[in-house]
Amino acid sequence: MQKIVNIVAVASGVVSLAVVGSGLYVYVNRGAIVDGVKSQVMEAVTGSLGGLGGGLTPELPTGTNDLYTPDSPQLGNGPVELGGGGEISGSF
């Protein structure tokens with residue numbers, strides 16, 4: 001009977017040491033663990049967006065050639081007609 005009690009006591013000590021050791025490991029490395037979880041969450045979020053991950057902002061035009069089309073109204077000194085019939089006057 002004494003052998004069984006000794007085995008249970010040793011097993012209990014091993015489990016207690018494992019719990020304390022893992023708690024110390026997590027406490028000491030908590031910064032690295034948090035950073036790892038953050039990076040995994042960001043990868044999961046951007047991965048679920050499909051093709052939108054890097055393209056959330058549209059490309060801006062680089063010059064006047066990108067802005068001008070032959071059908072666009074001439075913006076200058078005269079009034080500009082809006083679709084609703086209103087006018088905006090002045091220079092832009």
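Using the Karplus relation 6.51 cos²θ - 1.76 cosθ + 1.60 with θ = phi - 60°, the per-residue 3J(HN,Hα) values for the range 5-11 come to 5, 5, 5, 5, 5, 5, 4 Hz, with x marking Gly and Pro.
Multiplying the residue separation of residue 28 and residue 9 by 0.36 nm and removing their Cα-Cα distance gives an extension gain of 4.0 nm.
Values quoted throughout were computed directly from the atomic coordinates according to the rules given, and no laboratory measurement underlies them. Remember, it's a predicted structure, so these values are computed and weren't measured experimentally.
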